[in-house]
1. With the checklist (1) at pLDDT 85 or above; (2) among the hydrophobic types (A, V, I, L, M, F, W, C); (3) buried (at least 17 other Cβ atoms within 10 Å of the Cβ) in hand, flag the one item LEU7 doesn't pass.
2. Pick out, from the range 277-337, the strands (runs of 3 or more DSSP E) lying fully within it that include 3 or more residues that are more than 25 Å from ILE220 (Cβ to Cβ).
3. Could you pull out the residue among PRO195, PRO241 that is at pLDDT below 95, within 15 Å of the chain's Cα centre (by Cα) and not hydroxyl-bearing (Ser, Thr, Tyr)?
4. Every residue in the range 202-229 that is in a strand (DSSP E or B), touching a residue at least 60 places away in the same chain (Cβ under 8 Å) and either touching a helix residue (DSSP H, G or I) at 6+ places or on another chain (Cβ under 9 Å) or over 22 Å from ALA314 (Cα atoms) (or both), please.
5. Name the one entry in VAL311, VAL283 that is closer than 19 Å to LEU147 by Cα, surrounded by fewer than 19 Cβ atoms within 10 Å (Cβ to Cβ) and of a type in the set (A, V, I, L, M, F, W, C).
6. What strands (runs of 3 or more DSSP E), lying completely within the range 48-91, carry at least 3 residues that are buried (at least 17 other Cβ atoms within 10 Å of the Cβ)?
7. Among the residues of the range 208-216, is any touching a Pro at 6+ places or on another chain (Cβ under 8 Å), surrounded by 20 or more Cβ atoms within 10 Å (Cβ to Cβ) and assigned by TED's automatic domain parsing to the domain that holds ALA154?
8. Given the criterion over 24 Å from VAL150 (Cβ atoms) and buried (at least 19 other Cβ atoms within 10 Å of the Cβ), identify the matching residue among GLY109, GLY44.
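The values are calculated or read from the model by the stated rules, or taken from the named source; none is laboratory data. Predicted model only: the values in this text are computed from it and were never measured. Note that we place each Cβ from the backbone using ideal geometry, even for glycine, and neighbour counts take in every protein chain shown.
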Amino acid sequence: MRRIVLLAVVLLGSAVLAAGVPQSSPPAGAPAGRGRGGRGIQPGLEPRIVVFEARPAEVRAGEPVLLVWQTANPVGSVTIDPEVGAVTPRGSTQIIPSATTTFTLSAGGGVSRTVTVTVRGAAASGASSTRLQRTRPLRMPDGTPDLTGVYNFAGVPAGTTAPPLKPDAEKFRIVRGDREIRGRTTLTTGNDCKPLGIPQSYVTPYPFQILQTPKLLLMIFEYPNAIRWIPLDGRPHELDPDPTWMGNSVGRWDGDTLVVDAVGFNDKTEVHGFMHTESLHVVERFRRTEAGDLQYDVTIEDPNVWQTPWVIPARTFRLRPELENVSEFVCEATTDYQRLFKR
């Protein structure tokens, strides 16, 4: 079961504060320390494998197989060998075995389970298998690339440097630990469950999901259940969009690259160590790689903050084929709204 945590995004989105989680964690796969006082695994919290199946368990050469698994209380990384590698505690992934293969699911603590996929008309048992990076067509009916899928976050590329600030714009620089920026608290930069804006949403340690139709692309960010609508029908921006957390976005295709132009942001979000004004303008370019991942390029400009556009080096959002969708993330409000209803 996924635990709900309180997220605090720090400089470059590289650190997270998880309330109620110990400050030091044991090495991956080490059972010691799991449980109070480091006394090992507590009774009833032992790692176990609930389900590990191959559907179907017998196929012809070249046919796909769906591996389905569910673990409880895993210790360290959950893995499937050969070739699949690290996976989430529960999920599924499609493979095309090239030969009869025995797969082993490991949940740590010495707990594992095997399942054998029999491939008729193939080579001898033990040959490698090939994992499908994608289980749906790579293109939409209109021929444009299909970006649908769940992707991992990615931090700001190493060495990224902001352009020079405009005169008198030093006030937009975020100094970690300061309680106020331009008269308001810095809690708007990621640990209060408010939307993080673009491109800051991509650096949080949670996945995001893309759902695409020929005329609309929908982005769902697991943290904090933020949604972004991107029409793909070539429409222009609204003449005077109301400022919003995620901005007003329109998309167009440049060959196989999706170009998203976003304006209409409010001034309550962070851009990699800086606050900004409502003049923020973000241009993003998304392109599918051969491996099924998503290459991402972004240019940021705010004429009130930086002297020149901020071109950030390309990064890659890894496809998560074992995930069908992002999970629900619920933030508990700390405000007592009952007083508003008292007579």
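1. Unmet for LEU7, out of (1) at pLDDT 85 or above; (2) among the hydrophobic types (A, V, I, L, M, F, W, C); (3) buried (at least 17 other Cβ atoms within 10 Å of the Cβ): (1).
2. On the way: elements: 281-288, 294-301, 310-317.
In the range 277-337, 310-317 are the strands (runs of 3 or more DSSP E) which contain 3 or more residues that are more than 25 Å from ILE220 (Cβ to Cβ).
3. On the way: PRO241 fails: within 15 Å of the chain's Cα centre (by Cα).
After applying the criteria, what remains is PRO195.
4. Of the residues in the range 202-229, the ones in a strand (DSSP E or B) are 208-212, 216-221, 226-229.
If we keep only those that are touching a residue at least 60 places away in the same chain (Cβ under 8 Å) as well, we get 208-212, 217, 220-221.
Answer for the range 202-229, where residues must be in a strand (DSSP E or B), touching a residue at least 60 places away in the same chain (Cβ under 8 Å) and either touching a helix residue (DSSP H, G or I) at 6+ places or on another chain (Cβ under 9 Å) or over 22 Å from ALA314 (Cα atoms) (or both): PHE208, LEU211, GLN212, PHE221.
5. Values: VAL311 fails: closer than 19 Å to LEU147 by Cα.
After ruling out the rest, the residue left standing is VAL283.
6. Numbers: elements: 48-55, 58-60, 65-72, 78-81, 85-87.
Output list reads 48-55, 65-72, 78-81.
7. Initially, the range 208-216 is screened for residues touching a Pro at 6+ places or on another chain (Cβ under 8 Å), giving 214-216.
Now narrow it down to the ones that are surrounded by 20 or more Cβ atoms within 10 Å (Cβ to Cβ): none.
There is no residue in the range 208-216 that is touching a Pro at 6+ places or on another chain (Cβ under 8 Å), surrounded by 20 or more Cβ atoms within 10 Å (Cβ to Cβ) and assigned by TED's automatic domain parsing to the domain that holds ALA154.
8. On the way: GLY44 fails: buried (at least 19 other Cβ atoms within 10 Å of the Cβ).
Matching residue, one of GLY109, GLY44: GLY109.
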